[in-house]
Amino acid sequence: MEFDIEVEGLDAMAEAMGERLDDVLPAAMKGVWKAAKAVEKDARKLSPPPVSHTLIKSIRASKPVINGDAVEATVEAGAEHAVYVEYGTGVRGAGSTLPEGMPPATYRTDWTGQVAQPFMYPAMKQNEQKTKATIANEIRKAVEK
């Protein structure tokens, strides 16, 4: 289970600011990295109390990469059971109340299952505005030098 943080159109932004893309990319990468680490940290805090630490340890932010004129990073919960924790399973999962805007899942109804305990989606949503501000701040600092 993963979520992506992506900043597109950096070449047009750099041109509009009178800067070169080469000057803006490192700042955008720094901002995206900080934002991804914040989502990672919050996802770990929001994950349910562990029976083992497998889920918490599997939550990782990837280093940002440049893809054309975009910078992107991924925050992933790599544990095999992460998606089941996030969305729940069976009848109890289908009856779970998910955070507003969280995409629904499909459920088998031939077992009781477990309720959803979302942690990745809420971490991403609660950092949405902070992510934009962090990236913008890093770019602003770079071009004001």
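Some points to look at:
- Matching residues, region 86-108, being closer than 20 Å to L46 by Cα and of a type in the set (V, I, T): T89, T97
- Index of the failed condition, K41 passing every other in (1) in a helix (DSSP H, G or I); (2) charged (D, E, K, R); (3) more than 17 Å from K125 (Cβ to Cβ): (3)
- The set of residues in region 60-90 being surrounded by 17 or more Cβ atoms within 10 Å (Cβ to Cβ), over 15 Å from I5 (Cα atoms) and either touching a Ser or Thr at 6+ places or on another chain (Cβ under 7 Å) or β-branched (V, I, T) (or both) consists of A79, A82, V85, G88, T89, G90.
- Considering residues of region 25-69 that are among the β-branched types (V, I, T) and over 16 Å from K132 (Cβ atoms) only, the residue modelled with the lowest pLDDT: V51
- Of everything in region 91-122 that is open to solvent by 50 Å² or more (accessible area, probe 1.4 Å) and in contact (Cβ under 8 Å) with a residue 24 or more places away in the chain, the residue that is farthest from the chain's Cα centre (by Cα) is Q114.
- Count - residues of region 5-15 that are at pLDDT 80 or above and either outside any strand (DSSP E or B) or farther than 25 Å from S62 by Cα (or both): 7
- Residue selected from region 40-51 under the condition open to solvent by 60 Å² or more (accessible area, probe 1.4 Å) and aliphatic (A, V, I, L, M), by the criterion farthest from the chain's Cα centre (by Cα): V51
- Residue that is within 16 Å of the chain's Cα centre (by Cα), closer than 20 Å to G9 by Cα and in contact (Cβ under 8 Å) with a residue 24 or more places away in the chain, where the choices are K130, K37: K130
The values are calculated or read from the model by the stated rules, or taken from the named source; none is laboratory data. Computed from a prediction, not measured in an experiment: that's the story for all the values here. FYI the Cβ positions are ideal-geometry reconstructions off the backbone, even for glycines, and counts take in every protein chain you see. Areas reflect the complete protein model, heavy atoms only, side chains present, ligands, DNA and RNA absent. Shrake-Rupley method; radii C 1.70, N 1.55, O 1.52, S 1.80 Å.
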